[in-house]
Amino acid sequence: MGVHFVVESVTARIVLRSLPSRGAYLAHLEAARVRGVQRRVLSCTNLAHAVAAFPRHDKMLLKEQKKPCVAIVSAYNDMLSAHQPFEHFPSIIKEAVRKVGAVAQFAGAVPAMCDGVTQGQAGMELSLFSRDTIAMATAVALSHNMFDAALYLGVCDKIVPGLLIGALHFGHLPAVFVPAGPMTSGLPNGEKARIRQLYAQGKATRAQLLECESKSYHGAGTCTFYGTANSNQMLMEVMGLHLPGSAFVTPGTPLRDALTGAAACRAVAIAAQGGSYIPVGHVVDEKNIVNAIVALLATGGSTNHTLHLVAIAKAAGIVIDWNDFNELSAVVPLLTRIYPNGEADVNHFHAAGGTGFVIRELLDAGLLHEDVTTILGRGLRAHCAEAFLDGESVLWKDAPQESFDQDVLRKVSAPFAPDGGLILVSGNLGRAVMKISAVKPAHRTVEAPALVFHSQDEFMHAYHSGQLERDFVAVLRFQGPRANGMPELHALTPALANLQDGGRHVALVTDGRMSGASGKVPAAIHVSPETLAGGPLGLVRDGDIIRLDAASGRLDALVAADVWAARAPAYTDLTCSEIGMGRELFAMFRATVSAAEEGATTFGLPAPAAPALHER
């Protein structure tokens, strides 16, 4: 089957739109490439510094300037369950590359914060900006110009996008992404959600809530719901930046360690000296970005990627927008039910058939581009596979032909929904993203009076004092990247869910984020332009009738045009979001960040290089 005409037309539009910036990016990539080992450009003094502390055998290989040197860039810390397993990965990697005659160096660490820990806290206002901070830290790690390829160790929300953005700014280097895997399954997700809602109602104690959360998040590995962290892993697989089938293998197992060693060897093989040079800047192209969007939609993935994929594409000189997501969503069927879009977790998804099954189904339906470059160098069809252990080595077998659990994973011919469930809504309140894959049809249109809030705390105070027992649309503004770093707003989820379960017609409209855990309450998020940038949310007043309609894709304040035009924008004091918890250090981010639909980035598109002095 050929590529679906909508996938083809969206891709063609992106290619045309990106011609100047993609051309500039590829020119920069080629200019940075060094024939032979990258460290050949270093002086003897430079090189002596770089190898001074290395074991004698590795030092000799580096001095010879013949064998590849692989960088390890890691997001390890032992507070994040998802990243704790990375503590032991460097030793596995170094031993694996020695066996194939190369050398690996721990090039640098990047920060890794947890949205689960900072949720509802001041630290969450650093979360989105941590992505670009990670990209910069990646650049610092690679700035020594010692390396011929790189391994990137990361899992969670802003971390993988940040690592990939950093990697793409060194696009001449091959890149292999190395996951840590999910923790084993704990308390069922439905039970977790039930107890959270009871706590919000005051019907469960804090001790009961903590016991529930501890049974859910109980060991090393990624949180098992399908939020941004696990969406990241799905996207790395479909973009061909992982070894096939490696995303959802649990940590601390022989197969996990074998996959880590195999990833290290693959990085050596695709270095320029390995005979199969595959730079990451050639892997991430327009077709691969479209493939990532399709996979996100087909699996009901995180709304955060309407920011992150835009930013990743921008780093490679590719321009995408929410229209692209919206058009693809209309033709990409939903193939999975993973919490919050169902009861199952990613371990169940992996057991039912996993990433290889999804990739094959989408390829066979013409919804993915097969003719892309991946780290295997054989097109995307080679990633329709499942990893097994064969002694101490990894063996790949074809992904299963049938799902082992129809409640979790289905074929394109019998999907859970005919569309991807991620839509663009727009109107006189701006443009916003809405995830409807977990929202029942009866709740997808809400028309109700606005209740305006300027903080999560203000909303929760109104909820706990009984002021919200009515139909309403919560308009939570001044939550965009320029205002306070665009925090996730999950503290509102249990309260809104309780009100909806109680028969109230409720919705959320905000220039903030809700992320991969967006659930059953209709929410128009990432409203752009944001309030602080003059966005129309600043004109809304309590009592205005707001209509949020997923069916027609509309987001409007039903206010007379003359009344609307006469209003002055709202103002709020944002000082409390500028000081404390390190936020003053991020003032430069708030001052320069782009709009949400432009990826909320602090960097721009690649520009053509200035001519050399002798050419001027």
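Per-structure values
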item	result
Helices (runs of 4 or more DSSP H) within the stretch 77-144 that include 3 or more residues modelled with pLDDT of 95 or more, surrounded by 19 or more Cβ atoms within 10 Å (Cβ to Cβ) and of a type in the set (Ser, Thr, Tyr)	127-142
Index of the failed condition, Asn232 passing every other in (1) crowded, with 24+ Cβ neighbours inside 10 Å; (2) of a type in the set (S, T, N, Q); (3) assigned to a loop (DSSP other than H, G, I, E, B)	(3)
The stretch 61-76, residues that are over 28 Å from the mean Cα position of the chain (by Cα), open to solvent by 70 Å² or more (accessible area, probe 1.4 Å) and either at positive phi or not basic (Lys, Arg) (or both)	Glu64
Members of the stretch 172-195 that are touching a strand residue (DSSP E or B) at 6+ places or on another chain (Cβ under 9 Å) and part of a helix (DSSP H, G or I)	Asn189
Pairs where the first residue, in the stretch 410-425, is of a type in the set (Phe, Trp, Tyr) and the second is open to solvent by 40 Å² or more (accessible area, probe 1.4 Å) and in a loop (DSSP other than H, G, I, E, B), C-beta under 9 Å, 6+ apart	Phe416/Arg337; Phe416/Arg410
Selection from the stretch 560-616 of residues that are modelled with pLDDT under 95 and among the hydroxyl-bearing types (Ser, Thr, Tyr)	Tyr571, Thr572, Thr575, Ser577
Residue identified as under 28 Å from Ala316 (Cβ atoms), among the β-branched types (Val, Ile, Thr) and touching a Gly at 6+ places or on another chain (Cβ under 9 Å) among Ile92, Ile165, Ile159, Ile72	Ile72
Top-ranked residue of the stretch 573-602 - restricted to ones that are among the hydroxyl-bearing types (Ser, Thr, Tyr) and in a helix (DSSP H, G or I), ranked as farthest from His454 (Cα to Cα)	Thr592
Residue among Ala570, Ala609 that alone is in contact (Cβ under 8 Å) with a residue 40 or more places away in the chain and either open to solvent by 60 Å² or more (accessible area, probe 1.4 Å) or not in a loop (DSSP other than H, G, I, E, B) (or both)	Ala609
Residues of the stretch 407-418 satisfying the condition of being closer than 15 Å to Thr355 by Cα and open to solvent by 50 Å² or more (accessible area, probe 1.4 Å)	Arg410, Lys411
Residue match in the stretch 503-525 (condition: farther than 22 Å from Lys435 by Cα, in contact (Cβ under 8 Å) with a residue 24 or more places away in the chain and either crowded, with 22+ Cβ neighbours inside 10 Å or touching an Asp or Glu at 6+ places or on another chain (Cβ under 8 Å) (or both))	no
First in the stretch 272-293 and under 21 Å from Ser329 (Cβ atoms) and of a type outside the set (Val, Ile, Thr), second anywhere and open to solvent by 30 Å² or more (accessible area, probe 1.4 Å) and in a helix (DSSP H, G or I), Cβ under 6 Å, 6 or more apart	Glu286/Val15
Candidates Leu367, Leu363 - the one that is surrounded by fewer than 24 Cβ atoms within 10 Å (Cβ to Cβ) and under 28 Å from Ile270 (Cα atoms)	Leu363
Residues of the stretch 542-551 classified as modelled with pLDDT of 95 or more and surrounded by fewer than 14 Cβ atoms within 10 Å (Cβ to Cβ), total	3
Those residues of the stretch 285-299 which are open to solvent by less than 10 Å² (accessible area, probe 1.4 Å) and either out of contact with any helix residue (DSSP H, G or I) (no Cβ under 9 Å at 6 or more places or on another chain) or outside any loop (DSSP other than H, G, I, E, B) (or both), in sequence order	Asn288, Ile289, Val290, Asn291, Ala292, Ile293, Val294, Ala295, Leu296, Leu297, Ala298
Qualifying positions in the stretch 362-421 - among the basic types (Lys, Arg), within 25 Å of Asp345 (Cα to Cα) and part of a loop (DSSP other than H, G, I, E, B)	Arg410, Lys411
The listed residue being closer than 20 Å to Gly421 by Cα and out of contact with any Ser or Thr (no Cβ under 9 Å at 6 or more places or on another chain), out of Gly519, Gly534, Gly512, Gly503	Gly512
Criterion: open to solvent by 10 Å² or more (accessible area, probe 1.4 Å), within 20 Å of Ser74 (Cα to Cα) and either in a helix (DSSP H, G or I) or not acidic (Asp, Glu) (or both) - qualifying residue of Ala262, Ala247	Ala262
Any chance Gln500 is open to solvent by 10 Å² or more (accessible area, probe 1.4 Å), part of a helix (DSSP H, G or I) and either modelled with pLDDT of 95 or more or over 30 Å from Ala587 (Cβ atoms) (or both)	yes
First in the stretch 383-404 and open to solvent by 90 Å² or more (accessible area, probe 1.4 Å), second anywhere and of a type in the set (Phe, Trp, Tyr), Cβ under 9 Å, 6 or more apart	Trp396/Phe388; Lys397/Phe388; Gln401/Phe357; Glu402/Phe357
Verdict on Ile375 being open to solvent by 10 Å² or more (accessible area, probe 1.4 Å) and within 22 Å of the chain's Cα centre (by Cα)	no
Candidates Asp405, Asp398, Asp390, Asp457 - the one that is of a type in the set (D, E, K, R) and at pLDDT 95 or above	Asp398
Which listed residue, of Leu537, Leu558, is surrounded by 21 or more Cβ atoms within 10 Å (Cβ to Cβ) and in contact (Cβ under 8 Å) with a residue 40 or more places away in the chain	Leu537
Residue match in the stretch 197-208 (condition: within 20 Å of Gly342 (Cβ to Cβ), open to solvent by 10 Å² or more (accessible area, probe 1.4 Å) and in a helix (DSSP H, G or I))	yes
Residue list for the stretch 435-449, restricted to those being under 31 Å from the mean Cα position of the chain (by Cα) and either in a loop (DSSP other than H, G, I, E, B) or under 16 Å from Leu496 (Cα atoms) (or both)	Lys435, Ile436, Ser437, Ala438, Val439, Lys440, Ala442, His443, Arg444, Thr445, Val446
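The values are calculated or read from the model by the stated rules, or taken from the named source; none is laboratory data. On a predicted model such as this, the values are computed, not experimentally measured, just so you know. Cβ sites come from the backbone with ideal geometry, for glycine too, and all protein chains shown count toward neighbours. In case anyone asks, the SASA skips ligands and DNA or RNA and just uses the protein heavy atoms, side chains included. Shrake-Rupley method; radii C 1.70, N 1.55, O 1.52, S 1.80 Å.
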